[in-house]
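S.K.: Supplied in structure tokens, the structure appears directly below.
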């Protein structure tokens, strides 16, 4: 399975998979492969998002101190 | 007094007797009990406990060896209260000042000098002169465009590097620096110590402005706490005004109390009414910049970050839901397709079976027509040779061959004794 690109690349690939499902282009043989790929992309993006959230949670109080200081 | 009489009946006086007589005459006309006002221009002035002033006619030339000079002095007992009064009114006795002095004549016999003991100085006249000279200076500064010169200097948006012209540890110094140091901002103060009153102050202040102008500071602040007009006179000095006007760095002033406006205030880039207000002004400038460029952006950054994270979170949740629904839909569709196909297959199979059954029945009926037992029952017989082969033609047997004849209910043994091609 190929590596997952940056957010925008991964999101584009995920969107393409979802669209192929919407348009009924996926055969049963492809279904599992595409679903597995889409799941891997979603989990990778969620992992990145969680990591980003954690960093934001670290930085937000520091930015808040600047924003709130008198 | 014993007077010696000359031949002309005029008495001959000893020197001491002469001075006694002169003193008596002078005192009777211009002595302590007969003071008079004398107007003159200060040619020299110095103070050593007492005040000593050389007074000449206003406008007279110093090169004129014959110009009259009045050696005036003011004893400390008189001078000290007068000095305080002058200081309060912002008046300084200096060379060139035209002054009216009230006093009396005294004669100092050991040096043969006539002096003038000052008892009063016409402050009102001096004030008028000071005001006139001040207005003249302002007019000159306006005419030369110097009042607006420093105001045209661009002020950096964040004036954190502050050049300070002040006397250290004074109230004004502490008020001003206190505002900056307690602001929480990273002000850097480059301080040049100067006197802020007295004769040396104007030159020191002007020099400090020039020095700080080349020191890379963002703003130069002239700071001095409240005081009498005399205390603040240095800030009306032309040298200070010209130094401010010539500065390429914006000069801010915080001098004296509310209502005091010096010429330094007039030519400065920005004037605050007190050192405290000047400190507040600088802090406010930095605070406004901080608000616009730091706090506001920090708020936008927080808001933007939340929006991006929320959007990404919602996007992934939506994609996840969509994927699940899409896959389920797809699987259901496939399931339906399979079910439909299966049903079609079953129906088609049944149909095929039915057809096959019908075909078999038909074939069976057809075949039954050819069933030999039925023929045997009708009287037909099947003849086979001794090898079991069906005899279909006369040529299949020879006369004398033994044959076997099958009838409906058994077999007969027979011998061929005749071959006849005719069929009856």
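The values are calculated or read from the model by the stated rules, or taken from the named source; none is laboratory data. Note that the structure is predicted; figures quoted are calculated from it, not measured. Please note: Cβ atoms are built from the backbone with ideal geometry, for glycine as well, and neighbour counts cover all protein chains shown.
S.K.: Return the residue satisfying two criteria in turn: it lies in the stretch B:298-309 and is loosely packed, with under 15 Cβ neighbours inside 10 Å and facing chain A (nearest Cβ under 10 Å), and of such residues it is nearest to residue A:26 (Cα to Cα).
M.R.: B:308
S.K.: Of all residues being in a loop (DSSP other than H, G, I, E, B), surrounded by 14 or more Cβ atoms within 10 Å (Cβ to Cβ) and touching a residue at least 60 places away in the same chain (Cβ under 8 Å) in the stretch B:157-172, which is nearest to the chain's Cα centre (by Cα)? Just the residue, please.
M.R.: B:158
S.K.: Conditions: (1) surrounded by fewer than 16 Cβ atoms within 10 Å (Cβ to Cβ); (2) more than 10 Å from chain B (Cβ to nearest Cβ); (3) not in a helix (DSSP H, G or I). Residue A:24 meets all but one. Number of the miss?
M.R.: Residue A:24 satisfies every listed condition except (2).
S.K.: Here is a follow-up. Would you check if residue B:267 is within 16 Å of residue B:175 (Cβ to Cβ) and at pLDDT 90 or above?
M.R.: Spelling it out, it is not the case that residue B:267 is within 16 Å of residue B:175 (Cβ to Cβ) and at pLDDT 90 or above.
S.K.: Which residues, counting only those in the stretch B:211-234, are part of a loop (DSSP other than H, G, I, E, B) and free of Cβ contacts under 8 Å to residues at least 24 places away in the same chain?
M.R.: Scanning the stretch B:211-234 gives a single hit, B:214.
S.K.: List the residue pairs whose Cβ atoms are under 7 Å apart, where the first residue sits in the stretch A:35-53 and is more than 7 Å from every other protein chain (Cβ to nearest Cβ) and free of Cβ contacts under 8 Å to residues at least 12 places away in the same chain, the second is part of a helix (DSSP H, G or I) and surrounded by 15 or more Cβ atoms within 10 Å (Cβ to Cβ), and the two are 6 or more positions apart or on different chains.
M.R.: Listed by first residue and then by second, the contacts come to nothing, as the list is empty.
Here's the yes/no breakdown for (1) within 18 Å of residue B:130 (Cα to Cα); (2) crowded, with 24+ Cβ neighbours inside 10 Å:
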site: B:209; (1), (2): no, yes
site: B:217; (1), (2): no, no
site: B:225; (1), (2): no, no
site: B:229; (1), (2): yes, no
site: B:246; (1), (2): no, no
site: B:251; (1), (2): no, yes
site: B:254; (1), (2): no, yes
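S.K.: Using the structure shown, decide if residue A:10 is more than 8 Å from every other protein chain (Cβ to nearest Cβ), at negative phi, surrounded by 16 or more Cβ atoms within 10 Å (Cβ to Cβ) and in a helix (DSSP H, G or I).
M.R.: yes
For every residue, the table says whether it meets (1) touching a strand residue (DSSP E or B) at 6+ places or on another chain (Cβ under 9 Å); (2) away from chain A (no Cβ under 14 Å); (3) at pLDDT 90 or above; (4) in a helix (DSSP H, G or I).
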| site | (1), (2), (3), (4) |
| --- | --- |
| B:318 | no, no, yes, yes |
| B:322 | no, no, no, yes |
| B:329 | no, no, no, yes |
| B:332 | no, no, no, yes |
| B:338 | no, no, no, yes |
| B:348 | no, yes, no, yes |
| B:366 | no, yes, no, yes |
| B:387 | no, yes, yes, no |
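S.K.: When you scan the stretch B:183-192, do you find a residue that is out of contact with any helix residue (DSSP H, G or I) (no Cβ under 9 Å at 6 or more places or on another chain), in contact (Cβ under 8 Å) with a residue 12 or more places away in the chain and within 30 Å of residue B:123 (Cβ to Cβ), even just one?
M.R.: Among the residues of the stretch B:183-192, not one is out of contact with any helix residue (DSSP H, G or I) (no Cβ under 9 Å at 6 or more places or on another chain), in contact (Cβ under 8 Å) with a residue 12 or more places away in the chain and within 30 Å of residue B:123 (Cβ to Cβ), which makes the answer no.
Here is a yes/no grid of residues against (1) within 30 Å of residue B:225 (Cα to Cα); (2) at pLDDT 90 or above:
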residue	(1), (2)
B:241	yes, yes
B:245	yes, yes
B:256	yes, no
B:283	yes, yes
B:299	no, no
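S.K.: Oh, and also: Can you confirm whether residue B:93 is within 38 Å of the chain's Cα centre (by Cα) and part of a loop (DSSP other than H, G, I, E, B)?
M.R.: No, not satisfied.
S.K.: Suppose we filter B:228, B:247, B:262 for residues that are over 30 Å from the mean Cα position of the chain (by Cα) and farther than 15 Å from residue B:198 by Cα; which single one remains?
M.R.: Being over 30 Å from the mean Cα position of the chain (by Cα) and farther than 15 Å from residue B:198 by Cα holds for just one of B:228, B:247, B:262, which is B:262.
S.K.: Which residue out of B:352, B:316 is closer than 30 Å to residue A:9 by Cβ and surrounded by 10 or more Cβ atoms within 10 Å (Cβ to Cβ)?
M.R.: Unique residue meeting the criteria: B:316.
S.K.: Something else about it: Condition check: surrounded by 15 or more Cβ atoms within 10 Å (Cβ to Cβ) and within 14 Å of chain A (Cβ to nearest Cβ). Does residue B:183 satisfy that?
M.R.: Taking the combined requirement at face value, the residue satisfies it.
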